[in-house]
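Some notes on the structure that comes next.
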Amino acid sequence: MSAMPPFREFEKPLSDDAGSSYTMPARYYTDPDVYEREKEAIFARTWHYIGHESHVRNPGDYLTLEIADEAVFVMRGDDGRLRGFFNVCRHRAHRLLCGAGNAATIVCPYHAWSYHCDGRLRHARFADRMQDFNEDEFRLPRVRVESLCGLLFVNLDPHASPLAEVAAGMAEDLPSHVPRLADLEPAESFAFDAGGAWKANWKVVVDNYVECYHCAKAHPALADLMVMTDYRHEVHEYWARQLSPRVRADNSAYPVEAGDDVQVAAYWYLWPTTSIWLVPGAANLFVLAMMPGDHETTVFSGHRYAADDAPDPARTNYLNETLGPEDQGLCESVQRGLRSRSYDQGRLMVDPARSGTAEHGVHQFHRLVTRALDDAIDR
């Protein structure tokens, strides 16, 4: 693996002050060695969205998630407890569960080893005929599961800070902006993947999500929906929130009715991969993860939450057919540009007032990435 200097050795500094800072170098988006380091330094040590408590309401209900090269699942046990496990059979390493569903027991599709919902080995053929077989040796290894306003997150690191500390303030901020939050339940899976995984590094996708500096030019209908002169962007240590406190009913994206629950637009980001969208219209929430496929592809997917089952085709069509493809095109063009010998670092555009459309959210994200990678180098 090639040596990768910490950010303090960048030719152009990623400084503490967003207004005087440059971006991360291009190699942080294109070098497979950087991605290999991120697997341990970032993805194995942070909280990742997997679903909602109501996805796993009943005993045996489960959800699965891919985190870089790791696979995990959460399951509601017969005792009502929610537990998380690595999704790997203890016999010959086959995946145990796929997608989401319900299983009375966990049965490996390969050799039929089975496990209880608490991870204990239930049955392995011939185990009772082996003199030195210890069932306790083959329990499923656990992963941590914690909840934020009913949203479930998993963490591979048993020593990581609790989610409530990492996302300090979010549990109060979300319900202050999201109407009927307690009533929202999963309506459907949602993905910006009409053409498959985006051909862009996961950090390019996050960069694009955590700023609206590009919105007026790249998303004209979205900029018409939101009143951009009132746009705000609040940054905390591990999360941020963008807010348009006013929206236009008559706009070129989709109509917003006077009686709709949501008359604002808000976008939360939780380090490192979670995006939460509140979109004008009927009561809703979109919670999506920006997960790497490899060092140059990203899967941008999650769930739509609603207070009822009524379809909302105008809003869904705009997100799927206009906004998603616009962002995918932007990110894939950036990824191609990052490979150019002519480019290494750009300048973050941040005014003294930290305007809502400035790039201090990108600065926050770049600092978190480089700090995590530096810490890994020092360990």
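What follows draws every value from the coordinates through simple rules; no lab data is involved. Note that this is a predicted model, so its numbers are computed, not measured. Methodologically, a virtual Cβ is constructed for each residue, glycine included, from the backbone with ideal geometry; neighbour enumeration extends over all protein chains shown.
Calculate, in nm to one decimal, what T105 and R27 gain on full extension: separation in residues at 0.36 nm each, minus their alpha carbon distance.
So the chain would gain 23.6 nm between T105 and R27.
Can you list the aspartates and glutamates whose alpha carbon sits under 17 Å from that of K39, skipping same-chain ones fewer than 8 residues off?
D31, E66, D69, E70, D157, D294, E296, D374, D375, D378
If we sort 231-244, 353-366 on the protection proxy, mean other Cβ atoms within 10 Å, highest first, what's the order?
Going by the mean number of other Cβ atoms within 10 Å, highest first, we get 353-366, 231-244.
Quick check: pseudo-label points 7 Å beyond the Cα along Cα→Cβ at R92 and D132, how many nm apart are they?
Between R92 and D132, the label points sit 2.2 nm apart.
Computed over the Cα atoms of the chain, what is the ratio Rg over Rh, Rh following Kirkwood?
The Rg/Rh ratio comes out at 0.99.
Using amide H atoms built 1.01 Å from N in the peptide plane, name the residues 5+ places from H94, or on other chains, whose amide H lies under 5 Å from its own.
Correct list: C89.
Excluding L82 itself, calculate the net charge of residues whose Cβ lies under 13 Å from the Cβ of L82, where each Lys or Arg counts +1 and each Asp or Glu counts -1.
Net of charged neighbours comes to 0.
What's the local net charge at A187, with K and R +1, D and E -1, over the other residues with C-beta under 10 Å away?
Working: positive: R304; negative: E185, E188, D308, D309, D312.
Once positives and negatives cancel, what remains is -4.
Among the helices of the chain (complete DSSP H runs), which have Cα atoms covering no less than 18 Å along the helix axis and a Kyte-Doolittle mean of at least 0.0?
none
What is the projected area of the convex hull of the Cα atoms of region 240-379, averaged over all directions, in nm²?
Here the figure is 11.4 nm², rounded to one decimal.
Find the centroid of the Cα atoms in region 130-149 and in region 237-278, then give the distance between the two in whole Å.
40
Find the all-direction average of the projected area of the Cα convex hull for region 48-146, expressing the result in square nanometres with one decimal place.
6.3
So who's got an amide H within less than 5 Å of the one on W113, skipping anything under 5 residues away but keeping other chains? H placed 1.01 Å off N, in plane.
Sorted by chain and number, the residues that satisfy this are C108.
Count the net charge of all other residues whose Cβ sits under 14 Å from the Cβ of T322, scoring Lys and Arg as +1 and Asp and Glu as -1.
-3
For labels at S20 and R139 in the simple 7 Å Cα→Cβ model, what's the distance in nm?
It is 5.3 nm.
For every helix of n ≥ 4 consecutive DSSP H residues, a contribution of -39,500 (n - 2.57) applies; sum these over the chain, divide by its total residues, and give [θ] at 222 nm rounded to the nearest 500 deg cm²/dmol. Present the calculation step by step, with values, prior to reporting the outcome.
Working: 10 runs with 81 residues, N = 379.
So the helix-based figure for the chain works out to -6000 deg cm²/dmol.
Taking the Cα-to-Cβ direction at D69 and at A216 and moving 7 Å from each Cα, how far apart do the two end points lie in nm?
4.5
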